[in-house]
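Structure, as structure tokens:
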Amino acid sequence: RRVLFRSTKLGGGFLKSLRFRILLILVLLGTIPGIAALRTAIGSYEKGAVAARTESVRNQCSSYVPTLLKAGFPKKGSSKVTEGLELLANVFQGRILACDTDFRIVLDTFHVDEGKYLLSPLIIDISEGKEAERYVKEKNLIEVAVPIVSPQVESVAGYMLASVSSEEVVDIIRD
């Protein structure tokens, strides 16, 4: 009888062969740089997205400063001013605190800490004239401090601290 098909060894013989080892090396050489490039791209995107969100929060808070000052900040403002600040906090899925120059909280969008003192390192930095922001990756949180400066007198009337969610950035990275 003639044998039409030869039996091949797929088990132990192929796994020990030079052909398999070369194939494995080629797969690894193609996969490892791809994974490294992906991680670099994701890290770069995250930095850029957090920076853009931070800048957006800073700009929105800074643009709300004249409204606070017109309402007589640091005195407790009208309900419309408080509602506007709450709306701003809700847009960013976060919380905004406004304190006077003595660091006493005048406005809190959660209405929990009004009257207490705000001794955040960011508020202290902003009171010393430094830019103050931080990203807490573990809590998906971006914090930005902005001075409340009266343009007519050019004096600081207080400080605003916004703590906003970075969940949007994290969701995009996960997808």
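The values are calculated or read from the model by the stated rules, or taken from the named source; none is laboratory data. Bear in mind that the values here come from a model prediction, so they are computed numbers and not experimental data. Ideal geometry is used to build each Cβ from the backbone, glycine not excepted, and the neighbour counts take in all protein chains shown. Please note that ligands, DNA and RNA were not included when accessible areas were found on the heavy atoms of the full protein model with its side chains. Shrake-Rupley method; radii C 1.70, N 1.55, O 1.52, S 1.80 Å.
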Just name the residue that is nearest to S163 (Cα to Cα) out of those in the range 93-105 that are open to solvent by less than 20 Å² (accessible area, probe 1.4 Å) and not small (G, A, S).
I96
E143 passes all but one of (1) touching a residue at least 40 places away in the same chain (Cβ under 8 Å); (2) surrounded by 15 or more Cβ atoms within 10 Å (Cβ to Cβ); which number fails?
(1)
I need every pair where a residue in the range 150-170 that is within 16 Å of V91 (Cβ to Cβ) has its Cβ under 7 Å from the Cβ of a residue that is open to solvent by less than 10 Å² (accessible area, probe 1.4 Å) and not aliphatic (A, V, I, L, M), sequence separation at least 6 or different chains.
M160/C61; A162/C61
Quick count over the range 19-50, residues being closer than 30 Å to L97 by Cα and open to solvent by 60 Å² or more (accessible area, probe 1.4 Å), is 2
With the range 63-150 as the region, which strands (runs of 3 or more DSSP E) entirely inside it contain at least 1 residues that are over 30 Å from K47 (Cα atoms)?
94-100, 105-108, 141-150
Within the range 133-140, does at least one residue satisfy the condition of being among the hydrophobic types (A, V, I, L, M, F, W, C), more than 18 Å from G72 (Cα to Cα) and touching a residue at least 12 places away in the same chain (Cβ under 8 Å)?
no
Anything in the range 78-92 that is more than 15 Å from V146 (Cα to Cα), modelled with pLDDT of 90 or more and either in contact with a Phe, Trp or Tyr (Cβ under 7 Å, 6 or more places away or on another chain) or surrounded by fewer than 19 Cβ atoms within 10 Å (Cβ to Cβ) (or both)? List them, or say none.
E86, L87, N90, V91
Is it true that A98 is at pLDDT 90 or above and closer than 18 Å to E168 by Cβ?
no
